[in-house]
């Protein structure tokens, strides 16, 4: 009888999991901004309270200053990215010419090496150029992501204004708040350092779209494991068109890889420690699941969501084994 109860429990858990995943997928248009606003609320609330205590401001004034700083930051980022995209769009024909020249150069070198290119028709070479309009659409999509921050700000405003003046007294809620706020703040500082160093490299080598690549480097570093890899290889197509396979291309590649390796593999583990208490396999599974459900935003939110779930599971005896598995304690 007990055996069948366990099977029944597992089946019910699986059905509940699939139902939740389905609901999260079909409601992602609203749930993604709302979830982002929750984490933003956890970051901005300590800033607001610090302003209240440090400068003895009233709650509404501290809230106004905090939201003004955040909104101004979003506007500045949007301005920087839009400026980079505008310059890229204006030079799209120049990129096409560079791509044609690079393709011709590669064909000549391959012919010199004895490769038979008779099966490679000119029409197939021309098929590469439509990648540029596609890249144009992808870059303009960044502006759409930033514009959604208006909805996030509205949600955040309601969360902050709806909070009790004295805050929550629930120990689990306080633990979740402190854990996520610490993670996001530390990760933001580390990612900003990586993005800043990358931006300096882009400026030194006069890489086009430097501002956009630097901002995306900061954001991509929030994605565990694969984010830093994408951040290194993402600007390479533009750099390739700008410098072909010159020494500048390899110098930028080496420097970006060096920054990501030192900061991501040496500095970050020392600063972050085991504050989230999540096993690497659990992080990878969370990254895969939330990436499948919510796409790229889900990848950004995967670790904080997983950490919050672990803390909540630890608070209840019947779910504590799940928290132990998430932490890698299988004994």
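Listed values, structure above:
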{"item": "Every pair of residues 6+ apart whose Cβ atoms lie under 9 Å, when the first sits in segment 304-331 and is on the phi > 0 side of the Ramachandran plot and touching a residue at least 24 places away in the same chain (Cβ under 8 Å) while the second is crowded, with 16+ Cβ neighbours inside 10 Å and part of a helix (DSSP H, G or I)", "result": "328/282"}
{"item": "Check on residue 174, in a helix (DSSP H, G or I), modelled with pLDDT of 60 or more and either more than 30 Å from residue 314 (Cβ to Cβ) or touching a helix residue (DSSP H, G or I) at 6+ places or on another chain (Cβ under 9 Å) (or both)", "result": "no"}
{"item": "Selection count, segment 44-95, where residues are in a loop (DSSP other than H, G, I, E, B) and at negative phi", "result": "3"}
{"item": "Residue in segment 185-207 that is crowded, with 18+ Cβ neighbours inside 10 Å, over 22 Å from residue 59 (Cβ atoms), modelled with pLDDT under 85 and under 18 Å from the mean Cα position of the chain (by Cα) present", "result": "no"}
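To keep it simple, each residue is scored yes or no on (1) over 30 Å from residue 66 (Cβ atoms); (2) modelled with pLDDT of 80 or more.
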| position | (1), (2) |
| --- | --- |
| 86 | yes, no |
| 123 | yes, no |
| 127 | yes, no |
| 143 | no, no |
| 160 | no, yes |
| 165 | no, no |
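The values are calculated or read from the model by the stated rules, or taken from the named source; none is laboratory data. All values derive from a computational prediction rather than experimental measurement. Note: ideal-geometry Cβ built from the backbone for every residue, glycine included; neighbour counts use all protein chains shown.
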